[in-house]
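The values are calculated or read from the model by the stated rules, or taken from the named source; none is laboratory data. It should be emphasised that the depicted structure is a prediction, and the values quoted were computed from it without experimental measurement. For neighbour counting, all protein chains shown are included, and Cβ atoms are generated from backbone atoms with ideal geometry for every residue, glycine included.
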Amino acid sequence: MIKKITALAAMGAFLAAPAMAADKVKIGFVTTITTPAGVIGQDMVDAVNLAMEDIGGKMAGLDVELIIEDDGFKPPVGKQKVDKLVKKDKVDFIGGFIWSHVLLAAKKPALDSGTFLISSNAGPSQLAGKQCDKNFFSTSWQNDQTPMAMGEVLNQNGVKSVYVMAPNYAAGKNMIAGVERTFKGKIAGRDLTKWGKDAQLDFSAELAKAKASGAEALWVFYPGKAGGALIKQYEQAGLRDTMPLYTVFTVDSIALPKLQAGNLQGVLGSRNTQHWGPDLDNPQNKKFVAGFKKKYGHYPSFYAAQSYDTIFLIKSAVEAVNGDLSNKDGIRAAMKKADFPSTRGKFSYGNNHFPIQNFYLREVVADADGVWTTKIVSTVLENHQDPYAADCKM
Amino acid sequence: MDWGLFTIQMLNGVQLGVLLFLLAAGLTLVFGIMDFVNLAHGSLYMMGAYFCATLVQLTDSFVLGVILALPLTALLGWLVELIVVRALYTHDHLDHVLATFGLILCFDTAVDFIWGPTGMAIPLPEILDSHIDLMGGHTFPVFRILIICTGLAVAGFLYVMVAHTRIGMLIRAGASNRTMVMALGVDIGKLFALVFAVGAALAGLAGMLIAPITEASIGMGNEIIIVAFVVIIIGGIGSIKGAFVAAMLVGLIDTMGRSFLDQLLKIFMSSESAETSAPALSAMAIYILMAMVLAFRPQGLFPPKVR
């Protein structure tokens, strides 16, 4: 009995000791490393590692410790990992999150404990609206915004009817809601397809329905490997001549090298909307894209750009409080200013801590070396705020 | 009712069906004849796709890639049988599941190691990459027609082999009563190795045919193998005919569910909930069919004759 008590006391003392002084900044980063979607997670981790190199591994003179966790594309696993980061590692910030459904499941343990949570990609409507939180920030966008920009592009191109396809999960529904919000024509049909670890990749039935609907255009949201598969099948079904393809988050620098290796010429010239592009002209973006290409040998994706921004956002806040990590109010106020060099250029935060930013129309082109990439054509939405901000009482 | 669309969707269903049949044929033979549960059958499907993708990039020809990748996948199947599976025949099913699950992890890691995590696209020659026009302005991709033809040809070949050759007779005998075949002096070890290698080649062929549509990626077999098991349970374990009929049923039910279920549901629920629940329901439909078969005819639709 006595032995047990002394052991407990010793353990207590051991656990209490490191909490005394914050001698380093601890950042947890949750993304998908395994499953085929791990390609996206790898791009994000690469960008975070590059950012760590670029800041010399230090913020306000403190060492930075990075703990990377894999959510396995599953909401419950994401939640367990956040739980672990909060309780065991006692991190100060948690970044990452590709998937909206994973973020929605995983946010609670972080926000309940007062840990800062930064989404480097997912932008579910819930977190932008009623469930907004003072300690949640986004370095990406709210899900509806990018398709809203695409809806405008459809209007500008005089498209009268469109068939929409997206995966059946939180972000897929937000994306469809987004395009329907701004598109003035008729939605000829909608398809939500199975998503997750065993996502549907063969879209034969859906493409046949789209064709039969007689819509003037096809709009899709298929991130990751499903995007490449969809574009290939769109080509094979001969829809290119009759139904132009408009995409969001489908044709990116993860899909393009594979499409180029498969010589799917049809994707050249196709257009998508985004808040960022590798050719966006600002010093931070130039440094990031050049550094990323030098280190990893290919273009960074928007996932990478947002992850890179995440580290710089945290750095700006840690420096604003001179490394005093117990000053949560100071950190929050500093993050809210968005006073850091972002790859998208200058932007501001709305009341719900989602960026108010520009959205651009991009076209797929071959660069000077013949590598397929995207080029910004025009600005579709300027300083755009998401439609859910009004529901956020903050 | 748009009959043109209905025809297209039937074709899509048949195409999915023949693909499942290619996968299920080997699985049902290995399960039926050797009484061996092979979860790693899906890995052979994946390896076929990767072999083919690599060979297509090397030779610049899809047809040549497939022709060369087929014996390579068969060889891989033969090696797997020789090194891992052979030692497990006398063990029970749980050991099979454990060992072949381990094989899945080995194959997935090996692919990650050799080809990287990004997956590979398989470019098709122009003639296969196009589409044909059907009545009523509908189109159908040429490559999917090729899949259907290949699948039907393989089914025909397997039918002739199983029903009309000496090897087929032994296979049927093995599926009915293994001990008796052994007692009659047949080298059952050789027969098993042959069946396993042919099954691997067929699974590989399925992988080679799907990869130009989706792509070769890690774990691609782990998703479809579950459906392949559903197919062989519905069809009756050990029966090629059962596998064919069940694969067609499953392919058609899945595709038709994805095509028309949302419209059907819209009759009695709001369009938003119909659109959300239709994909979930159509994904469930094949499992409901399996449950019904297990309840009313647990031996499957066409079980091999036993004793």
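Kindly indicate the residue of the stretch A:235-279 that is more than 15 Å from the chain's Cα centre (by Cα) and among the polar types (S, T, N, Q) and also modelled with the lowest pLDDT among those meeting that condition. Of everything passing the filter in the stretch A:235-279, A:N263 is modelled with the lowest pLDDT. Taken residue by residue, the stretch A:323-332 has at least one member that is in contact with a strand residue (DSSP E or B) (Cβ under 9 Å, 6 or more places away or on another chain), surrounded by fewer than 24 Cβ atoms within 10 Å (Cβ to Cβ) and β-branched (V, I, T). Within the stretch A:123-181, being part of a strand (DSSP E or B) and within 14 Å of another protein chain (Cβ to nearest Cβ) holds for A:Y163, A:V164, A:M165, A:A166, A:P167. Mind checking which residues of the stretch B:153-166 are closer than 17 Å to B:G242 by Cβ and not aromatic (F, W, Y)? Within the stretch B:153-166, B:V154, B:A155, B:G156, B:L158, B:M161, B:V162, B:A163 meet the criteria.
In the stretch A:64-83, the residues that are in the same structural domain as A:I33 (by TED's automatic domain parsing) reach residues that are surrounded by fewer than 18 Cβ atoms within 10 Å (Cβ to Cβ) and outside any strand (DSSP E or B) with C-beta atoms within less than 6 angstrom, at least six apart or across chains, in these pairs: A:V64/A:G57; A:I67/A:D89; A:F73/A:K197. Of the residues that make up the stretch A:351-370, is at least one among the charged types (D, E, K, R), modelled with pLDDT under 95 and farther than 23 Å from A:T146 by Cα? So far as the stretch A:351-370 goes, yes, one or more of its residues are among the charged types (D, E, K, R), modelled with pLDDT under 95 and farther than 23 Å from A:T146 by Cα.
Here the condition is being assigned by TED's automatic domain parsing to the domain that holds A:G96 and outside any helix (DSSP H, G or I); of A:Y303, A:Y299, A:Y308, it holds for A:Y299 alone.
Filter the stretch A:207-232 for residues that are farther than 12 Å from A:V164 by Cα and surrounded by fewer than 22 Cβ atoms within 10 Å (Cβ to Cβ) and give the result.
A:A212, A:G214
The residues of the stretch B:266-275 that are surrounded by fewer than 16 Cβ atoms within 10 Å (Cβ to Cβ) and not small (G, A, S), listed by number, are B:K266, B:I267, B:F268, B:M269, B:E272. Does the stretch A:196-254 hold any residues that are part of a helix (DSSP H, G or I), more than 16 Å from B:H138 (Cβ to Cβ) and either aliphatic (A, V, I, L, M) or at the interface with chain B (Cβ under 9 Å from one of its Cβ atoms) (or both), and which are they? Within the stretch A:196-254, A:K225, A:A226, A:G228, A:A229, A:L230, A:I231, A:K232, A:E235 qualify. Go through B:A200, B:A206, B:A278 for me and flag whichever is crowded, with 21+ Cβ neighbours inside 10 Å, of a type in the set (G, A, S) and over 17 Å from the mean Cα position of the chain (by Cα). It is B:A278.
For A:D198, the criteria (1) modelled with pLDDT under 90; (2) surrounded by fewer than 20 Cβ atoms within 10 Å (Cβ to Cβ); (3) touching a strand residue (DSSP E or B) at 6+ places or on another chain (Cβ under 6 Å) hold in every case but one, which is (3).
When A:S348 is tested against (1) within 21 Å of A:P278 (Cα to Cα); (2) at pLDDT below 95; (3) in the same structural domain as A:D92 (by TED's automatic domain parsing), exactly one condition is not met: (2). Scanning the stretch B:41-64 for residues that are closer than 12 Å to B:G204 by Cα and either surrounded by fewer than 22 Cβ atoms within 10 Å (Cβ to Cβ) or of a type in the set (A, V, I, L, M, F, W, C) (or both) turns up B:L44, B:M46, B:M47, B:A49, B:F51, B:C52, B:A53.
Collect the residues in the stretch B:116-156 that are in a helix (DSSP H, G or I) and within 12 Å of chain A (Cβ to nearest Cβ), keeping them in residue-number order.
Hits for the stretch B:116-156 are B:G136, B:G137, B:V142, B:F143, B:R144, B:I145, B:L146, B:I147, B:I148.
Conditions (1) touching an Asp or Glu at 6+ places or on another chain (Cβ under 7 Å); (2) in a helix (DSSP H, G or I); (3) not aromatic (F, W, Y), marked per residue:
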residue: A:I40; (1), (2), (3): no, yes, yes
residue: A:V45; (1), (2), (3): no, yes, yes
residue: A:L66; (1), (2), (3): no, no, yes
residue: A:E69; (1), (2), (3): no, no, yes
residue: A:G78; (1), (2), (3): yes, yes, yes
residue: A:D89; (1), (2), (3): no, no, yes
residue: A:K108; (1), (2), (3): no, yes, yes
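Considering only helices (runs of 4 or more DSSP H) fully contained in the stretch B:192-307, which possess at least 1 residues that are within 24 Å of B:W115 (Cβ to Cβ) and out of contact with any Phe, Trp or Tyr (no Cβ under 6 Å at 6 or more places or on another chain)?
Where helices (runs of 4 or more DSSP H) fall fully within the stretch B:192-307 and carry at least 1 residues being within 24 Å of B:W115 (Cβ to Cβ) and out of contact with any Phe, Trp or Tyr (no Cβ under 6 Å at 6 or more places or on another chain), they are B:220-235.
Return the total of residues in the stretch A:30-52 being more than 14 Å from every other protein chain (Cβ to nearest Cβ), over 18 Å from A:S342 (Cβ atoms) and surrounded by fewer than 20 Cβ atoms within 10 Å (Cβ to Cβ). Residues in the stretch A:30-52 being more than 14 Å from every other protein chain (Cβ to nearest Cβ), over 18 Å from A:S342 (Cβ atoms) and surrounded by fewer than 20 Cβ atoms within 10 Å (Cβ to Cβ): 1 in total.
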